[in-house]
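To start, the structure itself, in structure tokens.
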Amino acid sequence: MEQVLVIGAGPVGLTCAAKLARYGVHVRIIDRSPHQSTESKALAIWSRTLELMDRMGCTPAFLENGLHCHGASFHNGKTVLGHHRFDNVASPYNFGLMIPQVDTERLLIEHLQSFGVTVERQVELTLFGEAPDHVEARLKHADGHEEAVQTSWLIGCDGAHSTLRNGLGFSFEGVTDPSDWLLADIRLEGDHQTPSDQIAAFLHPDGPFALFPMAKGRTRIIAGFSKSSGGKSKPNPTLQDVQDLTDKRVGRGWLVTDPVWLANFYINERKVSEYSKGRIFLAGDAAHIHSPAGGQGMNTGMQDSINLAWKLALVVREEASPRLLDTYTPERSEVGAKVLHNATLMTELGTLKSPIAQATRDAVMRFMFGFHSVQEREATSFTEIELDYSQGLLTVGARAGGRFSPRYYDGPPPGIGNKPRFVLFTSDYEQGAAFASRFPGLLDPTPRISPDRKRLLLVRPDGYVGLSATDNDWAAAEEYLRQLVITG
């Protein structure tokens with residue numbers, strides 16, 4: 001019987017499979033497409049995702065292939081409404097990495113293959129059903145033959161039209177944005193261009209017009225229109241359409257050339273209320289889809305996978321109770337709701353139709369971005385380092401639930417390597433080592449120094465603080481592990 005079957009080999013499914021394989025879990029991953037994505041699609045990998053990818057061991061390859069984006073600016077014609085930079089973000093990756101999805105998938109496939117796992121192409125999930133101790137699945141292959149499979153756990157990373165979500169009968173609640181949108185990956189020529197290492201958003205009465213830098217001198221344009229086709233397919237735009245739009249909304253005499261991808265699209269903003277049912281889980285677009293504003297979608301999905309993978313690995317390795325998996329939905333659903341809310345808000349602000357509302361928005365932005373604190377808050381929001389699990393079921397104690405800053409790691413990132421381990425931070429190394437030896441399946445054997453030498457911390461394999469207690473409260477640490485993690 002398979003240990004884990006992953007449906008879908010986009011960035012979310014590949015991340016999930018690679019994370020599980022690194023932790024020694026036997027994983028199988030299938031995709032109905034004959035080949036990986038050939039289009040650039042999702043573009044940005046943000047600081048928090050890069051930090052989490054450190055635990056997978058694949059960050060360096062991505063850094064070599066992407067462009068470092070150091071900030072964002074907002075304009076109305078020639079007027080700069082505001083800007084913020086990522087340089088002061090408290091992360092070893094104080095930038096956004098601009099890398100096309102085609103390269104993200106390629107690098108993740110190569111990383112997955114290093115564990116001996118290969119994506120099975122043109123294989124489709126057609127039926128599934130849950131038994132008490134496994135899931136029955138039926139797979140259809142390219143030659144038409146069908147395969148009956150038993151798997152301990154089934155994970156759906158199969159996108160917005162998820163077969164798994166539909167088969168579970170989960171409602172995908174939300175709306176279709178009333179605007180139409182255009183995407184173009186092109187080159188820009190001409191003077192007075194915005195910096196090549198920054199995102200630039202132009203707020204125009206007809207709709208937003210955003211520029212995203214790409215490697216090799218390319219640029220992505222995303223633009224919105226108030227007139228809607230009602231979610232119906234439209235012919236792809238021509239290069240002349242993009243040129244006319246650039247002239248109208250920016251007006252700096254730029255020449256648009258060398259297109260590699262031109263497309264029209266519309267935005268759905270939807271989310272499930274539950275990310276799992278029994279032994280079946282959803283991640284990424286199968287669970288939530290939203291506006292591309294801020295470029296958070298792929299990152300949120302990859303972080304879904306990472307959250308699920310370390311928990312599932314502990315369960316599969318019989319080092320934790322299956323009830324640990326009950327924390328997946330509440331933790332990731334809360335994050336998904338927040339990201340959806342922020343993306344919707346950014347889209348609404350960019351598509352205001354009333355001239356009075358537009359003028360008010362621009363005036364408020366110019367005023368607010370004059371404050372350094374606002375610039376910093378925007379930067380931390382973009383880079384996702386402010387996301388936390390403060391209300392999560394695995395969060396105990398004051399100041400718990402937040403991301404543990406990498407500056408305090410006192411060693412490699414928690415969760416790195418081939419075992420998903422919590423890391424104990426304490427001022428009492430000798431007692432900490434003795435405590436860790438009692439929980440060899442859960443704790444790294446080497447305790448580390450607590451940042452303020454006053455708090456006892458248990459930092460999760462994904463780098464979030466699970467427990468925060470006084471430094472001599474070993475009873476709290478034991479209770480945390482036994483009640484929330486240990487079997488029995």
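The values are calculated or read from the model by the stated rules, or taken from the named source; none is laboratory data. This one's a predicted model, so the numbers in the text were calculated from it and none came from an experiment. Ideal geometry is used to build each Cβ from the backbone, glycine not excepted, and the neighbour counts take in all protein chains shown. Side chains are part of the model used for accessible areas, which takes the heavy atoms of the whole protein and leaves out ligands, DNA and RNA. Shrake-Rupley method; radii C 1.70, N 1.55, O 1.52, S 1.80 Å.
In Å and on Cα atoms, what radius of gyration and Dmax does the stretch 74-187 show?
Looking at the stretch 74-187, its Cα Rg and Dmax stand at 21.5, 63 Å.
With every protein chain in place, what's the accessible area of Ser226 (1.4 Å probe, Å², nearest 10)?
Counting only protein heavy atoms, the figure is 60 Å².
Want the number for Thr257 to Ala215: 0.36 nm per residue separation, take away the alpha-carbon distance, what's left?
13.6 nm
Could you compute the net charge surrounding Pro322? Neighbours are other residues with a C-beta less than 13 Å from the C-beta of Pro322; K and R count +1, D and E count -1.
Here the count lands on 0.
For the stretch 267-414, how big is the tail of P(r) above 21 Å, as a whole percent of Cα pairs?
Counting every Cα pair in the stretch 267-414, those more than 21 Å apart make up 55 percent.
Can you give the FRET efficiency to the nearest 0.05 for Asp473 and Arg407, using r as the Cβ-Cβ distance and R₀ = 35 Å?
0.90
Taking the Cα centre of the stretch 204-294 as the origin, how large is its charge dipole in debye, to the nearest 20, when only Lys and Arg (+1) and Asp and Glu (-1) carry charge on their Cβ atoms?
Roughly 220 debye for the stretch 204-294.
What residues qualify as long-range amide H neighbours of His204, i.e. H under 5 Å apart, gap of 5 or more or another chain, H built at 1.01 Å from N?
Residues meeting the criterion, in which the H sits 1.01 Å from N, are Phe209.
Using only the Cα atoms of the stretch 14-161, each taken as one equal point scatterer with no solvent, compute I(q) by the Debye sum, divide by I(0), and report log10 of the ratio at q = 0.12, 0.14, 0.20 Å⁻¹.
At q = 0.12, 0.14, 0.20 Å⁻¹ the computed log10 ratios are -0.65, -0.81, -1.28.
Between Lys338 and Leu127, what is the label-to-label distance in nm when each label sits 7 Å out along the Cα-to-Cβ direction?
It works out to 4.2 nm between the two label points.
Relative to the longest principal axis of the chain, what angle (0 to 90°, nearest 10) does the C-alpha long axis of helix 355-368 take?
60
For Ser171, Ser179, write out the residues from largest to smallest accessible area, computed with a 1.4 angstrom probe and no ligands counted.
Largest to smallest exposure gives the sequence Ser171, Ser179.
Taking a ≥ b ≥ c as the square roots of the Cα gyration tensor eigenvalues, with a/c under 1.5 meaning rounded and otherwise prolate when a/b beats b/c, else oblate, which class fits the chain?
In terms of gyration-tensor shape, oblate.
Ratio of alpha-carbon Rg to the 2.2 N^0.38 Å globular estimate for the stretch 1-98, to two decimals, please.
Taking the Cα Rg and dividing by 2.2 N^0.38 Å, one obtains 1.40.
Could you work out how far the C-alpha centroid of the stretch 456-487 sits from that of the stretch 368-405, in angstrom?
21
Work out how much length Glu189 to Glu2 would gain on full extension: take 0.36 nm times their residue separation and subtract the Cα-Cα distance, in nm to one decimal.
Stretched out fully, the Glu189 to Glu2 stretch lengthens by 62.0 nm.
May I ask you to evaluate 6.51 cos²θ - 1.76 cosθ + 1.60, the Karplus curve with θ = phi - 60°, for each residue of the stretch 307-313 and list the ³J(HN,Hα) values in order in whole Hz, giving x for glycine and proline?
Ordered by residue, 3J(HN,Hα) equals 4, 5, 5, 5, 5, 5, 4 Hz.
Determine how large the accessible area of Ile289 is when every protein chain is in place; take a 1.4 Å probe and give Å² rounded to the nearest 10.
20
Quick one: if you stick a label point 7 Å off each Cα along the C-beta vector at Leu63 and Gln113, how many nm between them?
2.4
How large is ³J(HN,Hα), in whole Hz, for each residue of the stretch 205-217 in order, when computed from phi with the Karplus curve 6.51 cos²θ - 1.76 cosθ + 1.60 and θ = phi - 60°, using x for Gly and Pro?
Calculated HN-Hα couplings, in order: x, 7, x, x, 9, 10, 10, 10, x, 10, 5, 6, x Hz.
So, in nm, how far is label Ser273 from label Glu376 when the simple model puts each one 7 Å beyond its Cα toward the Cβ?
With each label placed 7 Å out from Cα toward Cβ, I get 4.0 nm.
If you take the beta carbon distance between Arg323 and Glu147 as r and set R0 to 45 Å, what does 1/(1 + (r/R0)^6) give as a FRET efficiency, to the nearest 0.05?
0.90
Provide the three semi-axes, in whole Å and in decreasing order, of the ellipsoid equivalent to the stretch 377-416 as defined by the square roots of 5 times the Cα gyration tensor eigenvalues.
18, 17, 9
Give me a comma-separated list of calculated 3J(HN,Hα) values for the stretch 23-31, in order, Karplus coefficients 6.51, -1.76, 1.60 applied at θ = phi - 60°, integers in Hz, x for any Gly or Pro.
Values, residue by residue: 8, x, 8, 6, 10, 10, 10, 10, 8 Hz.
Assuming 0.36 nm per residue, please report the length gained on full extension of the stretch Asp244 to Phe225 beyond their Cα-Cα distance.
5.5 nm
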